[in-house]
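Novice: First the structure, then my questions, so here it is.
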Amino acid sequence: MIKLHDLYFKPFISEKEIDTVVQRMVDEVANDIKDDIPVFVGVLNGSFMFVSDFVKKYPRPCEVTFIKLASYEGVKSTEDIERLIGLTQDLTGRTVVILEDIIDTGNTLEEIHRIFKNEKVKELKIATLFHKSEAYKKDFKLHYIGIDVPKKFIVGYGLDYDGLGRDLPEVYQLKTTQHMTNFVLFGPPGAGKGTQADFLKETYNLVHISTGDVFRYNIKNETALGMLAKSFMDKGELVPDQVTIDMLNTEVEKNADANGFIFDGFPRTNAQAKALDELMEAKDSQINAMIALEVDDEVLVQRLLGRGKTSGRPDDADEQIIRNRINEYYKKTAILKEYYSAQDKYCGVDGVGSISEITERLNKVIDSL
Ligand code: 5GP
Ligand code: MG
């Protein structure tokens, strides 16, 4: 991932793939123009890198020149009036191939055609490395197309975002979800996970998705997914992961402008962790870390016993039950610790200390993500 000005971009087309495509285009052009010395006309600024690589690969003599379309300055007009600079050469009778970096709506191309109408060229051909066919609104024929790209903003290999990115040898695509910090939060019973989640939510403007709450909400409100989940639960069956993932997806979509998400209670298995990765990937985002509060067993037991004295919760009063719950927690999270460690995303945080001390440790981890 890269950042240009205020926006984030993800790798989209590799240097190697571009090289292959440019070679293919050169072969096609060279195959069509056997007897002439063509004039390759690059459209600045975006095409400089493409033209350079293209002509280096061209197998026979050729001429290279550039034109630039620039908006008139000092002309008050609501219309975008463009003029051409750089076309000084006489192209009468020549075979001309326009080399464009990208053709989007085709407006620029229309302008090029208008300009070349007056030149008595033998032939005018259009070659574009990238083409957004979904956005193309004109009828001009595109003779050579490198890669058809979706209607999303790209940078690199000559293409810029507000001046930056032209120098990149590969192409990046704008991330539709801008920088989000997402993590899965774990902590054994008694570690203070809920309290800390509340603080983190406030500090970082994150949305706390507690899977238990999401389930209860969907079932209570009888949403389609809630009813589906309930149908499995009523039969005493486990709710399939896909149903849970669909519910989480809805929560993520409901909060598209959040700075990120705290996932709590999910994932519990490797398969779920993978499904969550895929969900975030589909949103142009990612899970940045598994953050686990780590508290020594004996400290947890004492904390929960202390809580049991005042809360009257029977499961907090029996030391054996407490120890079982803690063991259960470690057994279940061990797999996930492995899963996220393999991606270098496991962050253990010391959960012994005052609430504010622990919050501070968590903040430090999140600030470093
Ligand atoms: P058109 O006139 O075909 O709509 O657009 C062509 C011009 O728009 C290109 O020369 C380029 O300057 C700009 N453009 C269109 N799509 C993109 C894109 O995805 N990234 C960048 N950097 N420029 C684009
Ligand atoms: Mg251009």
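The values are calculated or read from the model by the stated rules, or taken from the named source; none is laboratory data. None of the values given here were measured: they were computed from a predicted structure. Note: ideal-geometry Cβ built from the backbone for every residue, glycine included; neighbour counts use all protein chains shown. Note: accessible area is taken over every heavy atom of the protein model, side chains too, but ligands, DNA and RNA are not part of it. Shrake-Rupley method; radii C 1.70, N 1.55, O 1.52, S 1.80 Å.
Novice: Within the range 28-45, can you find the residues that are in a loop (DSSP other than H, G, I, E, B) and buried (at least 20 other Cβ atoms within 10 Å of the Cβ)?
Specialist: The answer is 38, and nothing else.
Novice: Name the residue that is nearest to ligand 2 (Cβ to nearest atom), counting only residues in the range 107-139 that are of a type in the set (Phe, Trp, Tyr) and closer than 22 Å to residue 24 by Cβ.
Specialist: Ranking the qualifying residues of the range 107-139, first place goes to 130.
Novice: Go through the range 340-369 and give me each residue that's assigned to a helix (DSSP H, G or I), within 26 Å of the chain's Cα centre (by Cα) and at pLDDT 90 or above.
Specialist: 340, 341, 342, 362, 363, 364, 365, 366
Novice: Report yes if residue 142 is over 23 Å from residue 15 (Cβ atoms), within 14 Å of ligand 2 (Cβ to nearest atom), touching a strand residue (DSSP E or B) at 6+ places or on another chain (Cβ under 6 Å) and not polar (S, T, N, Q), otherwise no.
Specialist: Answer is yes for this residue.
Novice: In the set 91, 99, 84, which member is of a type in the set (A, V, I, L, M, F, W, C) and modelled with pLDDT of 95 or more?
Specialist: 99
Novice: OK, next. Restricting the range 145-159 to residues that are within 14 Å of ligand 2 (Cβ to nearest atom) and over 18 Å from the mean Cα position of the chain (by Cα), which is farthest from residue 36 (Cα to Cα)?
Specialist: That would be 159.
Novice: Taking into account only those residues within the range 145-161 that are in a loop (DSSP other than H, G, I, E, B) and more than 9 Å from ligand 1 (Cβ to nearest atom), which is least open to solvent (accessible area, probe 1.4 Å)?
Specialist: Across the range 145-161, the extreme among qualifying residues is 157.
Novice: Sticking with this structure for a sec: Here are the criteria: (1) in contact with a Leu (Cβ under 7 Å, 6 or more places away or on another chain); (2) outside any loop (DSSP other than H, G, I, E, B). Tell me which single one residue 267 does not satisfy.
Specialist: Checking residue 267 against (1) in contact with a Leu (Cβ under 7 Å, 6 or more places away or on another chain); (2) outside any loop (DSSP other than H, G, I, E, B), the one that fails is (2).
Novice: What are the residues in the range 16-27 that are exposed (fewer than 15 other Cβ atoms within 10 Å of the Cβ) and either within 13 Å of residue 97 (Cβ to Cβ) or in contact with a strand residue (DSSP E or B) (Cβ under 9 Å, 6 or more places away or on another chain) (or both), if any?
Specialist: 17, 24
Novice: What pairs come up if the first residue lies in the range 106-125 and is assigned by the TED database to the domain that holds residue 29 and in a loop (DSSP other than H, G, I, E, B), the second is open to solvent by 50 Å² or more (accessible area, probe 1.4 Å) and not basic (Lys, Arg), and their beta carbons are under 6 Å apart, counting only those six or more places apart or on different chains?
Specialist: 120/92
Novice: In the list 359, 310, which residue meets the criterion of being β-branched (Val, Ile, Thr) and without any contact (Cβ under 8 Å) to a residue 12 or more places away in the chain?
Specialist: 310
Novice: Could I ask something else about it? Of the residues 140, 130, which is open to solvent by 20 Å² or more (accessible area, probe 1.4 Å), assigned by the TED database to the domain that holds residue 52 and within 11 Å of ligand 1 (Cβ to nearest atom)?
Specialist: 140
Novice: From the list 252, 295, 301, 239, which one is over 30 Å from residue 343 (Cβ atoms), surrounded by 15 or more Cβ atoms within 10 Å (Cβ to Cβ) and assigned by the TED database to the domain that holds residue 355?
Specialist: Going through 252, 295, 301, 239 in turn, just one is over 30 Å from residue 343 (Cβ atoms), surrounded by 15 or more Cβ atoms within 10 Å (Cβ to Cβ) and assigned by the TED database to the domain that holds residue 355: 301.
Novice: Scan 12, 40 and give me the residue that is within 16 Å of ligand 1 (Cβ to nearest atom) and either modelled with pLDDT of 90 or more or within 16 Å of residue 146 (Cα to Cα) (or both).
Specialist: Being within 16 Å of ligand 1 (Cβ to nearest atom) and either modelled with pLDDT of 90 or more or within 16 Å of residue 146 (Cα to Cα) (or both) holds for just one of 12, 40, which is 12.
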